[in-house]
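Working notes, structure below.
The values are calculated or read from the model by the stated rules, or taken from the named source; none is laboratory data. Computed from a prediction, not measured in an experiment: that's the story for all the values here. Note: ideal-geometry Cβ built from the backbone for every residue, glycine included; neighbour counts use all protein chains shown.
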There are 2 protein chains.
Amino acid sequence: MQNFKAYVLIFLLIPFSMFAEDGSQLWLRFPNVKNGISADKIISKGNNPTIEIAKNELTNFWQGQTVELRTDKALKNQKDGYTIKSSSDKITISSSKEIGLLYGVYHILRLQQTKSNINNLNITEKPSYDVRILNHWDNLDGTIERGYAGYSLWKWEDLPNKISPRYKEYARANASIGINSVVLNNVNASPNILRKDYLDKVKVLADIFRPYGIKVYLSVNFASPKVLSGLENSDPLNKNVQKWWKDKASEIYQTIPDFGGFLVKANSEGQPGPQDYGRTHADGANMMADALKPYGGNIMWRAFVYSPSKEDRAKQAYLEFVPLDGKFRDNVIVQIKNGPIDFQPREAFNPLFGALKKTPEMVEFQITQEYLGFSNHLAFLAPLFKEVLDSDTYSDGKGSTIAKLTDGTLRKNKFTAISAVANIGEDKNWTGHHFAQANWYAFGRLAWNHSLSSEQIADEWIKMTFTDNQDFVKPVKDIMLTSRESVVDYMMPLGLHHIFASGHHYGPEPWGDYKGGRPDWSPVYYHQANEKGIGFDRTKSGSNAVSQYFPPLDELYGNIKTTPENLILWFHHVPWDYKMKDGKMLWEELAYKYDSGVKNVREYQKTWDKMQTYVDSERFAHVQSRLKIQTKDAVWWKDACLLYFQQFSKQPIPYDIERPVHELEDLKKIKLNMGHHN
Amino acid sequence: MQNFKAYVLIFLLIPFSMFAEDGSQLWLRFPNVKNGISADKIISKGNNPTIEIAKNELTNFWQGQTVELRTDKALKNQKDGYTIKSSSDKITISSSKEIGLLYGVYHILRLQQTKSNINNLNITEKPSYDVRILNHWDNLDGTIERGYAGYSLWKWEDLPNKISPRYKEYARANASIGINSVVLNNVNASPNILRKDYLDKVKVLADIFRPYGIKVYLSVNFASPKVLSGLENSDPLNKNVQKWWKDKASEIYQTIPDFGGFLVKANSEGQPGPQDYGRTHADGANMMADALKPYGGNIMWRAFVYSPSKEDRAKQAYLEFVPLDGKFRDNVIVQIKNGPIDFQPREAFNPLFGALKKTPEMVEFQITQEYLGFSNHLAFLAPLFKEVLDSDTYSDGKGSTIAKLTDGTLRKNKFTAISAVANIGEDKNWTGHHFAQANWYAFGRLAWNHSLSSEQIADEWIKMTFTDNQDFVKPVKDIMLTSRESVVDYMMPLGLHHIFASGHHYGPEPWGDYKGGRPDWSPVYYHQANEKGIGFDRTKSGSNAVSQYFPPLDELYGNIKTTPENLILWFHHVPWDYKMKDGKMLWEELAYKYDSGVKNVREYQKTWDKMQTYVDSERFAHVQSRLKIQTKDAVWWKDACLLYFQQFSKQPIPYDIERPVHELEDLKKIKLNMGHHN
């Protein structure tokens, strides 16, 4: 009865104590702050739009001592980093650049939001990467490829005249986590983006972003000269084509003097490219690099290529790019997806990392959850990003992690960069799922400092976005930190990959076998299940993809006994009765993994429901609703995969796990119309 | 690994050791019997079609000693009962009637199937009821009202010329469990059933059923004289009408000399009846009774009536019939549904039982699962039937159970009867769900002997239908014996009732509130949930339905403290924070009940999956598939009811139970098309 009264009280109080929130404030949330310090408590010299933004943030939100903003050229080695020193009555933020001062302001605001100590600070920050860039896969018609948070933020039809207030909010959010570059449009690029009228629109965005330290990049279509200007071709060795790009560069930089550069998807999945003319990726990239070079622009050339050959798709980027090593200009950087297939819930890292000894490399992550349940599933991706960055390639001996290969530690490149495909759309809460905001946040924070732990990032984000009450922070952090592994468990445990439904990549379709199409577009190609076992043999007896890894990884992955079990089906075709390290046979292990994924999500639901009193009702209900979908989807995945694979294993699903509630034949009939996601 | 090998072995062996079965054999299953004893080991005198059937069963299936079939007029008091006496070399079955001998043969076959001892038998059996009757709600167009096993067995268009082999199989199955009467057609009766051409069809069925001891009854439409013959009305006091029925009776008995009689639904749910002419149910019933009397026919007059008045529907049958007590002919029996509403998963018993002191009463059960998940849910109904029969009405003092009131023990009526609405259709397995066969079986067995326990009936049925292996019998019996309570738990625990979706009665619709219609056709009328509590107040402060019960039940049900908790919401509007006997408050108790229902069904799935090696693959897969549906439906029920009632209780669902996976608003949109069930 005591409890009952407490419940009733809680229900009665909720409408009064909580105000509805729609998530639009992201992590820049100051619920109890009416205003910050007065302007006379801010010490700074000179006038600059970036400094003005910093001052506004302080007068709006800063509750602490006097703040001095000090530009200091001596700090040039920190790049756009900064130092923060404080006593109880003053904080001094120093940087060689104004943007560093703004970053410093966001830093102290974060300390305030997370209730950290702000006295006796002695902080020195230097970013891990020079270019910290979001890739928007936004189309000019307003749709977003693999976007699950509504239509594009960029209102191309309204630009350049009508300005959405969200452009500035977007820039501010990025600046607050150190993101300093954005590619505005889809890598499957429309040539039109380079038209004069579109460049005028781009200029508006660039002007809005500039004070927030953000440079604009564009994805370009390799066939642009031919398509836009009727040139005879777009051959990179054609002088007319070269001239076209040089003229276009000149035009762009007249409009946007600090334009960042191009992102290029060429000769990949039907996109045009230099190979259309018998040229190499280097030929194509260098032509563009030469055009942008006078203005300081960069080319990010994607390594995501795979031709319709019989070769294991996982090997193809390596096979195409390694022969080109050393042939790229110094303002070209090769942008490599974290794994050799395509943003799966878990992949082995891409063996191309470290293999290009004389060519700068950068990572491409995916924040948008194309293969992780769209904006319906809660999956905190910092652990995925960290897993990749911390992977040791052994390219330059032990300790050659992908982080160190790409951040300038091991390779002295002209510049360093890290990218991720954004999950941002016009939804009020920006990312569809409230918790998907954390993935935008996590990418920014790791791009700034890849040594941050996932736990630390989650901790900050929760406190800033919701509350610092430990009764909320702890259980919710537990959800976040285990969530990506749960998704792996209920979708594709033990190294399984790409058994998604065709096209939309939402639900399971392990039975997918698209006759007449490319084998490597069919799930059965990837799981290779038969009566003997399951998994893709990438050892010497199979595709020998393991040979692309540096010693000792080639041996380690080539041997089933030394392969990490979370990748065992990535590298091996494993017998159903193979004995796993915990003593279970493979079939059982697989079943328990799927079940574990479902169980975890059911637990997330319980945990979240208990959080009701700590969250505003609007976000509470939204997340609660998405978790219901996640649970149903987890059961769907588990049933589909276990019932399908059981046809080969011919063994019962262990009897202590929750039974399937679906019929395999019914699941096979599901054809989702996913058009509504845009 | 040991286990693994065992699994593989099992999977390899299944195809060879089991033969596929479709359930068409019901409980008359003799899988390892090629033939029975030779004809010369059967001792019997005279020739009779019923004796021939008995002999055939013995020569086909009986594996034991010599059998003597002995008619013995001295056993007349046993009615169609029998005695069985045996030594190791001979069994003697005696009865005053040939049908008693056939029942005795099915008895010893059951002993053989259940591996019981057949030596030194000394059995005396006498049926609990004279008339043990199935009510088929089959329409003349082949559909079945509330039928979930396909279309009707009766092929009216083919009759009288084309004879389905299933007519005889049906009669045999009924005879094997002692059912001796059937109503062929729906109580919402077409007048056409009394047309000459239909009576000729009925005659064919009656001729087939006769050797199996089965009499045919018909449901008749009270307006038949007017509709069929153009009489000015169907007023029971109209001499022309009376003559019409007498002529019709004569016609019927010329065609079917042992015709059983009429079942009548009058002035109920729109059906015509004597009240259309200002006459009483007694006037109507007696007119028909007089017509059939010369031929020994009976009238079963249904008490299922409720008018569109403001009076609590649960009170109306009592209010209409008690004033008529003593006014019915002695060949009229009032057929009363077990509960005062309508075959709910659990109801309080109908207070009309015992209230008619001078009028014979009989129970109407429902075998078909109109309100228990159709043929998708496994719900063994013997415990429901027993619960009703064992209910003490206190009408004639303590111990006045419904069984004793209706079986002749307390009231010396001309004849006794018990009825149930059949669940039989043309599906190969007869009843849709294999386990629904057990409900047909259980009704027959209890109609024969209402002192049998549910456990005993389940035990017999499992052994006869599947296997006598205790590793199968025990767990499956556990499922069966708990199944009805599980359905109550996930649908309508604690006395909740009639919160089904409108019309088809399959899924939940507690929000149902059909404006403009009768209030008592809306779920909200029955659950009465509001911010204070939930339940229908039938005490003095409410409808005072409790006053229809004999002391001390009126007081016991009128007091919330003494009302059995499994009926608490049937009789009381209970505050959400009411403290239940286990210390939980009502809201929690409700939530845990729903959860318990879901959990149980999930456990049934596990148990059944473990039974795979003991069952043929066809029935295994069929039951497995239905259990999946049952689990999904149980979750649907739980989510719908808890999320809906939570709007009133305003309390959290206890956090240790599985969370909802549905949105209330989505569930409200579900509109099932249930047409396919016929």
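Annotation: A:PHE571 fulfils all but one of (1) buried (at least 19 other Cβ atoms within 10 Å of the Cβ); (2) closer than 30 Å to B:ASP639 by Cα; the unmet one is (2).
Restrict the check to segment B:657-667 and report whether at least one residue is more than 10 Å from every other protein chain (Cβ to nearest Cβ), buried (at least 20 other Cβ atoms within 10 Å of the Cβ) and closer than 30 Å to B:ASP427 by Cβ. Yes, the conditions are met somewhere in segment B:657-667.
Evaluation of A:SER617 against the conditions (1) facing chain B (nearest Cβ under 9 Å); (2) more than 26 Å from A:LEU372 (Cβ to Cβ) shows that the sole unmet condition is (1). In segment A:355-372 there is at least one residue that is assigned to a loop (DSSP other than H, G, I, E, B), among the basic types (Lys, Arg) and surrounded by fewer than 24 Cβ atoms within 10 Å (Cβ to Cβ). In segment A:545-564 there is no residue matching the filter, namely being in contact (Cβ under 8 Å) with a residue 40 or more places away in the chain, among the aromatic types (Phe, Trp, Tyr) and within 12 Å of A:GLY535 (Cβ to Cβ). If you check A:LEU643 against the conditions, is it in a helix (DSSP H, G or I), more than 10 Å from chain B (Cβ to nearest Cβ) and either farther than 30 Å from A:ILE144 by Cβ or out of contact with any helix residue (DSSP H, G or I) (no Cβ under 9 Å at 6 or more places or on another chain) (or both)? Yes; evaluated as a whole, the condition is true for this residue. On the stretch given as segment A:245-259, residues that are in a helix (DSSP H, G or I), touching a residue at least 24 places away in the same chain (Cβ under 8 Å) and charged (D, E, K, R) total 3. Inspection of segment B:587-609 identifies at least one residue that is over 21 Å from B:ILE479 (Cβ atoms), touching a Phe, Trp or Tyr at 6+ places or on another chain (Cβ under 6 Å) and not assigned by TED's automatic domain parsing to the domain that holds B:VAL388.
Is one or more of the residues making up segment B:463-470 outside the structural domain of B:PHE620 (by TED's automatic domain parsing), among the acidic types (Asp, Glu), farther than 30 Å from B:MET300 by Cα and assigned to a loop (DSSP other than H, G, I, E, B)? The answer is yes; a qualifying residue exists.
Quick check on segment A:639-653. Is at least one of its residues closer than 28 Å to A:GLU387 by Cα, surrounded by fewer than 20 Cβ atoms within 10 Å (Cβ to Cβ) and not acidic (Asp, Glu)? Within segment A:639-653, none of the residues are closer than 28 Å to A:GLU387 by Cα, surrounded by fewer than 20 Cβ atoms within 10 Å (Cβ to Cβ) and not acidic (Asp, Glu). Every condition in (1) surrounded by fewer than 14 Cβ atoms within 10 Å (Cβ to Cβ); (2) among the charged types (D, E, K, R); (3) out of contact with any strand residue (DSSP E or B) (no Cβ under 7 Å at 6 or more places or on another chain) holds for B:GLU21 except the one numbered (1).
Take segment A:585-614 and flag every residue that is polar (S, T, N, Q) and within 12 Å of chain B (Cβ to nearest Cβ). Across segment A:585-614, the qualifying residues are A:GLN605, A:THR607, A:GLN612, A:THR613.
Here are some residues: A:SER164, A:SER176, A:SER181. Which one is surrounded by fewer than 18 Cβ atoms within 10 Å (Cβ to Cβ) and either closer than 27 Å to A:ALA447 by Cβ or not assigned by TED's automatic domain parsing to the domain that holds A:ALA282 (or both)? Selected residue: A:SER164, the only one of A:SER164, A:SER176, A:SER181 that is surrounded by fewer than 18 Cβ atoms within 10 Å (Cβ to Cβ) and either closer than 27 Å to A:ALA447 by Cβ or not assigned by TED's automatic domain parsing to the domain that holds A:ALA282 (or both). Residue under question is A:LEU199, and the condition is that it be within 29 Å of A:ARG132 (Cα to Cα), of a type in the set (A, V, I, L, M, F, W, C) and out of contact with any Asp or Glu (no Cβ under 6 Å at 6 or more places or on another chain); does it hold? Taking the combined requirement at face value, the residue satisfies it.
With the requirement that a residue be of a type outside the set (Val, Ile, Thr), more than 22 Å from B:LYS79 (Cα to Cα) and not in a loop (DSSP other than H, G, I, E, B), what does segment B:384-417 give you? Of everything in segment B:384-417, those that are of a type outside the set (Val, Ile, Thr), more than 22 Å from B:LYS79 (Cα to Cα) and not in a loop (DSSP other than H, G, I, E, B) turn out to be B:LEU384, B:PHE385, B:LYS386, B:GLU387, B:ASP392, B:SER395, B:GLY397.
Against the definition (over 18 Å from A:PRO127 (Cβ atoms), buried (at least 20 other Cβ atoms within 10 Å of the Cβ), of a type outside the set (A, V, I, L, M) and touching a residue at least 40 places away in the same chain (Cβ under 8 Å)), how does A:GLY81 come out, yes or no? Considered against the rule, which asks whether it is over 18 Å from A:PRO127 (Cβ atoms), buried (at least 20 other Cβ atoms within 10 Å of the Cβ), of a type outside the set (A, V, I, L, M) and touching a residue at least 40 places away in the same chain (Cβ under 8 Å), A:GLY81 comes out as no. Only one entry of B:LYS532, B:LYS540, B:LYS561 meets the criterion of being at pLDDT 95 or above, more than 30 Å from the chain's Cα centre (by Cα), surrounded by fewer than 16 Cβ atoms within 10 Å (Cβ to Cβ) and within 14 Å of another protein chain (Cβ to nearest Cβ), and that entry is B:LYS532.
Answer yes or no as to whether A:PRO523 is touching a Pro at 6+ places or on another chain (Cβ under 6 Å), without any contact (Cβ under 8 Å) to a residue 40 or more places away in the chain and not aliphatic (A, V, I, L, M). For A:PRO523, the condition - touching a Pro at 6+ places or on another chain (Cβ under 6 Å), without any contact (Cβ under 8 Å) to a residue 40 or more places away in the chain and not aliphatic (A, V, I, L, M) - is met. Does B:ALA447 qualify as being touching a Pro at 6+ places or on another chain (Cβ under 8 Å), part of a helix (DSSP H, G or I), of a type in the set (A, V, I, L, M) and under 30 Å from B:SER152 (Cα atoms)? Considered against the rule, which asks whether it is touching a Pro at 6+ places or on another chain (Cβ under 8 Å), part of a helix (DSSP H, G or I), of a type in the set (A, V, I, L, M) and under 30 Å from B:SER152 (Cα atoms), B:ALA447 comes out as yes. Among the residues of segment A:24-56, the one identified as among the aliphatic types (A, V, I, L, M) and without any contact (Cβ under 8 Å) to a residue 24 or more places away in the chain is A:ALA39. On the given criteria, is B:SER454 hydroxyl-bearing (Ser, Thr, Tyr), under 23 Å from B:MET611 (Cα atoms) and surrounded by fewer than 24 Cβ atoms within 10 Å (Cβ to Cβ)? Answer is yes for this residue.
Under the condition of being over 18 Å from the mean Cα position of the chain (by Cα) and among the small types (Gly, Ala, Ser), the residues counted in segment A:174-228 number 6.
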